[in-house]
1. Report every pair of residues separated by at least 6 positions or lying on different chains whose Cβ atoms are under 7 Å apart, first residue within region 63-77 and touching a residue at least 60 places away in the same chain (Cβ under 8 Å), second loosely packed, with under 12 Cβ neighbours inside 10 Å and part of a helix (DSSP H, G or I).
2. Does V50 satisfy the condition of being under 26 Å from A86 (Cβ atoms) and touching a residue at least 12 places away in the same chain (Cβ under 8 Å)?
3. Restricting the first residue to region 21-47 and requiring it to be over 25 Å from P67 (Cβ atoms), which pairs with a second residue that is surrounded by fewer than 12 Cβ atoms within 10 Å (Cβ to Cβ) and of a type outside the set (S, T, Y) meet a Cβ separation below 9 Å and a spacing of at least six or different chains?
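Every read-out reported here was derived from the displayed coordinates using simple, explicitly stated rules and does not represent laboratory data. Note that the structure is a prediction, hence the values are computed from the model and not measured. Methodologically, a virtual Cβ is constructed for each residue, glycine included, from the backbone with ideal geometry; neighbour enumeration extends over all protein chains shown.
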Amino acid sequence: MTGAEVLDVAQDGIWTLVWVSAPLMLVGLIVGVVIALFQALTQIQEMTLVFVPKILAIFVAMLLTLPFMGATMGAFMDRIVNLIIASGQV
């Protein structure tokens, strides 16, 4: 395997990581901003108010996006296995 192929695999792995984690990170960001806005409008400065809704929202988002996450990681694994098989036949 050449250096360029290793970099391609690393780049593919990083993009897979971004695609898999993006839905959960976006949900956490949106819920955090909404709660921060609510806290700023009502002047409730309770630090623990952020955690429970954010955890519940991320859990629900994880349940909804689990098929997408599994398919994306499975496709990445298929590409890696095909590269291993192809390099073993040289």
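1. none
2. Details: under 26 Å from A86 (Cβ atoms): no; touching a residue at least 12 places away in the same chain (Cβ under 8 Å): yes.
Spelling it out, it is not the case that V50 is under 26 Å from A86 (Cβ atoms) and touching a residue at least 12 places away in the same chain (Cβ under 8 Å).
3. F38/I44; Q39/Q45; Q39/E46
Table: residues versus (1) surrounded by 10 or more Cβ atoms within 10 Å (Cβ to Cβ); (2) out of contact with any Cys (no Cβ under 8 Å at 6 or more places or on another chain); (3) of a type in the set (A, V, I, L, M); (4) closer than 30 Å to M1 by Cβ.
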{"position": "M25", "(1), (2), (3), (4)": "yes, yes, yes, no"}
{"position": "Q43", "(1), (2), (3), (4)": "no, yes, no, no"}
{"position": "V50", "(1), (2), (3), (4)": "yes, yes, yes, no"}
{"position": "T65", "(1), (2), (3), (4)": "yes, yes, no, no"}
{"position": "M69", "(1), (2), (3), (4)": "yes, yes, yes, yes"}
{"position": "F76", "(1), (2), (3), (4)": "yes, yes, no, yes"}
